[in-house]
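Here is the structure we will look at, set down as structure tokens.
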Amino acid sequence: MTMLEQTQGLHEDATDLGGRGSVSDYIALLKPRVMSLVVFTAAVGLVMAPGNQHPVLSFISILCIAIGGGASGALNMWWDADIDAVMSRTKKRPIPAGKITRQEALAFGMVLSFGSVLTLGLVANWMAAGLLAFTIFFYVVIYTMWLKRSTPQNIVIGGAAGALPPMVGWAAVTGDVTLVSIALFMITFTWTPPHFWALALVKNGDYQAAGVPMLPVVAGETATRHQIVLYSLLLLPVGMAPYFLGFASVFYGVGSAILGLVFLGYAIRVWRVREGDAAKKTAMSLFKFSLFYLMLIFAGLLAENMIGLV
């Protein structure tokens, strides 16, 4: 019997308690740190989009995208409560901690999902609302319910959900999808595997105990390191794509190239350092830098758009 199976009975008991969740517990269900990336990348897509939208409508649009992202997090925790109870980095989440029941999390997530999509449709347009609905569906059903527990490519395919917010922000203004918004999507989509696999190398034991077929569990850590380098190589030109496509200046092009090369340097270090605590420390360094990379890439695009360099 696996550790996951041993905890399932205790978990079911815990989720029957309910009614004790505080405001902070419900906020935790929204995965606020993940939500911050969703909000930022969506805001960049919205600001870069051609056309004029009233600032109040823009604010409401971003709020709807944020709430939709948070709803996805709540529904993810509802479905993955058994896994969360096993893994060290997630066992203190509200459901495995017994502060919120699975039923409460499900209701909370569903209300926020429908509310955010409906409001975005009414305030902005139904193309943006449809993309937001698809984002929630993809993350909860395709990634969480299906891919995460069935294939080591879960992060590669499932990463599409996390890459969609800038497209939603763009569509909230324009009502369509263009090459520019697709390029923004591709940056986050390509960034996701090396970002998450770096963390998976550090937390490999957790995934093994939970029975989640992450790439290090199924293919081994060496193969994972190869894939991290491969995707980091691919990220270099993808990160520069806004410059190549003509909607970012040479300053962005040079800056994104430097960031991409530094990212690749961290990936090569992960590939070279494979033993003991040093290997985990190196992988965690890549994970942390990857967050810095994504924020700077999108911040650069936002700054150039606001000061009119392009």
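The values are calculated or read from the model by the stated rules, or taken from the named source; none is laboratory data. Computed from a predicted structure; not experimentally measured. Positions of Cβ are generated from backbone atoms using ideal geometry, with glycine treated the same way; all protein chains shown enter the neighbour counts. We work out accessible area using only protein heavy atoms, side chains counted, and drop any ligands, DNA or RNA first. Shrake-Rupley method; radii C 1.70, N 1.55, O 1.52, S 1.80 Å.
The table below lists the values:
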quantity	calculated
Probe 1.4 Å, protein heavy atoms only - accessible area per residue of the stretch 217-310 in square angstrom	52 Å²
Full-stretch length increase - MET306, LEU57 - with 0.36 nm per residue and alpha-carbon distance subtracted	87.8 nm
Extension gain from LEU261 to ILE182, taking 0.36 nm per residue of separation minus the Cα-Cα distance	26.2 nm
Over 21 Å [Cα-Cα, the stretch 80-181], rounded percent	47 percent
About the Cα centre, charge dipole magnitude for the chain (Lys/Arg +1, Asp/Glu -1 at Cβ), debye	640 debye
Most fluctuating residue given options ASP82, ASP206, ASP277, as computed from a GNM of the chain linking Cα atoms under 10 Å	ASP277
Given charges at beta-carbon only (K, R positive; D, E negative), |dipole| of the stretch 165-310 in Debye	420 debye
Semi-axis lengths (Å, descending) of the ellipsoid that matches the C-alpha gyration tensor of the stretch 204-296	29, 13, 11
³J(HN,Hα), Karplus 6.51/-1.76/1.60, whole Hz, each residue of the stretch 260-275, x for Gly, Pro	x, 5, 5, 4, 4, x, 4, 5, 5, 5, 4, 5, 7, 9, 10, 10
Descending principal axes extents, the stretch 109-252, alpha-carbon based, whole Å	46, 45, 17
Two-site label geometry, THR222 and ARG89: point separation in nm, points 7 Å out along Cα→Cβ	2.5 nm
Stokes-Einstein D for the chain, Kirkwood Rh over Cα pairs, 20 °C, 1.002 mPa s (µm²/s)	107 µm²/s
GNM flexibility winner over the chain from ASN52, ASN154, ASN204 (Cα, springs under 10 Å)	ASN52
Using θ = phi - 60° and Karplus 6.51 cos²θ - 1.76 cosθ + 1.60, couplings along the stretch 292-307 (whole Hz; Gly, Pro as x)	4, 4, 5, 5, 5, 4, 6, 5, x, 5, 5, 4, 5, 5, 6, 9
Karplus-derived HN-Hα couplings along the stretch 100-105 (A = 6.51, B = -1.76, C = 1.60, θ = phi - 60°), whole Hz, x at Gly and Pro	9, 7, 4, 5, 5, 5
Estimated 222 nm signal from helices in the chain, with DSSP H stretches of n ≥ 4 weighted -39500 (n - 2.57), rounded to 500	-25000 deg cm²/dmol
Of ILE187, ILE27, ILE136, the one that fluctuates the most in a GNM where the chain has Cα springs shorter than 10 Å	ILE27
Fraction of accessible area attributable to carbon and sulfur, the chain (%, probe 1.4 Å)	68 percent
Length-normalised contact order of the stretch 192-290 in % [C-alpha pairs under 8 Å, at least 6 apart]	33 percent
At 1.002 mPa s and 20 °C, Stokes diffusion of the stretch 111-168 via Kirkwood alpha-carbon radius, µm² per second	181 µm²/s
Contact order normalised by residue count of the chain, Cα under 8 Å, 6+ apart, percent	19 percent
Net charge of Cβ neighbours under 15 Å - reference GLY162; Lys, Arg +1; Asp, Glu -1	+3
Cβ-based net charge around MET110, under 15 Å, with every Lys or Arg adding one and every Asp or Glu removing one	0
